[in-house]
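Asker: Have a look at the structure that comes next, please.
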Amino acid sequence: TGYQRRVRGHRPLFFCNPSFFPHPISMDPSGFNFDLCKRNLFLETKGHKFPKATSTGTTIAGVVFKDGIVLGADTRATNGPIVAEKNCSKIHYIADNIYCCGAGTAADTDQVTGMVSSQIELHRLATGRIPRVSTAVTLLKRHLFRYQGHISAALVLGGFDFKGPHLYTIFPHGSIDYLPYVTMGSGSLAAMGIFETGWKPNMTKEEAVKLVADAIKAGIFNDLGSGSNVDINIITKDGVEIHRPYETPNERLFRSNRGYTFQQGTTVVLKEKVQSLRALVQVSEDVMQTDN
């Protein structure tokens, strides 16, 4: 006999077997269940190797100055120990007055920022107002919190609205920080050292741009996951200045004019097979008639 639940005389909403639910007395008195931990320990004794989180590399940063926001990022995208892209764009468009730097999995940062950008645009069309930075922050943090950190997107969001410049960090679990200078990614420790040394209130635009560029270069030279160029975005009430690249500290200085040639036999030929194409290709001739 299954348990039936009725609501105001309606038909039963569901049937369930009471044996599916453990008796309260048989449960752990602490209220926690550690069966999966015991299972994992058992599998580990049998030689099973559990998957590890992928280590990603990036240096992103942002600074508030007296007239706006400066955002910066490196341009290296990695696939484990391999440099997959040397000129990857990590500063994503959210709105005309809001931009977002992304660290973590490239697909996650691209998709999350693109989704929020479309929602912000729909909100702008519905209200007829310039989007507020807090609106973008709320959409991003709620989405990331919903997935409990399984979306690998650590973000630095900066923008300028009617309340002035705003700078946030949004962690993959959905928590946020509101600070005058921020940095995230695997190169953030080196970048934060530059910020804590050189930041000061009411910086000029030139001072802020130089500070962010130096912070990104510190990540590039001290973190193997960061590299290539420095991208800079400057957001003020007058608009956005995009400098891509702003600086190329790892430019290759020497290239051979003769190219790179290798002598025949450098690479060992393991197998060689010669086949005639006449046996594989059938040639046919068609006569085309014309009016002439």
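Asker: I'd like the residue in segment 64-98 that is touching a helix residue (DSSP H, G or I) at 6+ places or on another chain (Cβ under 9 Å) and either aromatic (Phe, Trp, Tyr) or free of Cβ contacts under 8 Å to residues at least 12 places away in the same chain (or both) and, out of all such residues, is surrounded by the most Cβ atoms within 10 Å (Cβ to Cβ).
Answerer: 65
Asker: Among the residues of segment 217-235, is any farther than 30 Å from residue 124 by Cα, in contact (Cβ under 8 Å) with a residue 12 or more places away in the chain, open to solvent by 70 Å² or more (accessible area, probe 1.4 Å) and not in a loop (DSSP other than H, G, I, E, B)? First the steps, then the outcome.
Answerer: Narrowing segment 217-235 to residues farther than 30 Å from residue 124 by Cα: 217-230.
Among the residues that remain, those that are also in contact (Cβ under 8 Å) with a residue 12 or more places away in the chain are: 217-230.
Filter again for open to solvent by 70 Å² or more (accessible area, probe 1.4 Å), leaving 221-222, 224.
From what is left, the residues that are not in a loop (DSSP other than H, G, I, E, B) are 221-222.
Yes, segment 217-235 contains a residue that is farther than 30 Å from residue 124 by Cα, in contact (Cβ under 8 Å) with a residue 12 or more places away in the chain, open to solvent by 70 Å² or more (accessible area, probe 1.4 Å) and not in a loop (DSSP other than H, G, I, E, B).
Asker: Residue by residue through segment 239-292, note down the ones that are among the charged types (D, E, K, R) and either surrounded by 10 or more Cβ atoms within 10 Å (Cβ to Cβ) or farther than 26 Å from residue 214 by Cβ (or both). Walk me through it before giving the result.
Answerer: Here is the first cut: in segment 239-292, the residues among the charged types (D, E, K, R) are 241, 244, 247, 251-252, 255, 258, 271-273, 278, 285-286, 291.
Of everything in segment 239-292, those that are among the charged types (D, E, K, R) and either surrounded by 10 or more Cβ atoms within 10 Å (Cβ to Cβ) or farther than 26 Å from residue 214 by Cβ (or both) turn out to be 241, 244, 247, 255, 258, 271, 272, 273, 278, 285, 286, 291.
One line per residue, one yes/no per condition, for (1) touching a strand residue (DSSP E or B) at 6+ places or on another chain (Cβ under 9 Å); (2) assigned to a loop (DSSP other than H, G, I, E, B); (3) of a type in the set (Ser, Thr, Tyr); (4) over 30 Å from residue 64 (Cβ atoms):
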residue	(1), (2), (3), (4)
240	yes, no, no, no
243	yes, no, no, no
250	no, yes, no, no
253	no, yes, no, yes
256	no, yes, yes, yes
265	no, yes, no, yes
279	no, yes, no, yes
284	no, yes, yes, yes
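Asker: Further, regarding this structure: Would you check which residues across segment 107-121 are touching a strand residue (DSSP E or B) at 6+ places or on another chain (Cβ under 6 Å) and under 21 Å from residue 188 (Cβ atoms) and list them?
Answerer: Listed by number, the residues that qualify are 108, 109, 112, 113.
Asker: Identify, from the list 126, 136, the residue that is open to solvent by 30 Å² or more (accessible area, probe 1.4 Å), among the aliphatic types (A, V, I, L, M) and not in a loop (DSSP other than H, G, I, E, B). Before you say what the answer is, go through the steps one by one.
Answerer: Details: 136 fails: open to solvent by 30 Å² or more (accessible area, probe 1.4 Å).
Every option except 126 fails the conditions.
The values are calculated or read from the model by the stated rules, or taken from the named source; none is laboratory data. Since we're looking at a predicted model, the values are computed, not measured. Don't worry about glycine lacking a Cβ; one is built from the backbone with ideal geometry, like all the others, and counts go over all protein chains shown. SASA here: full protein model, heavy atoms, side chains in, ligands and nucleic acids out. Shrake-Rupley method; radii C 1.70, N 1.55, O 1.52, S 1.80 Å.
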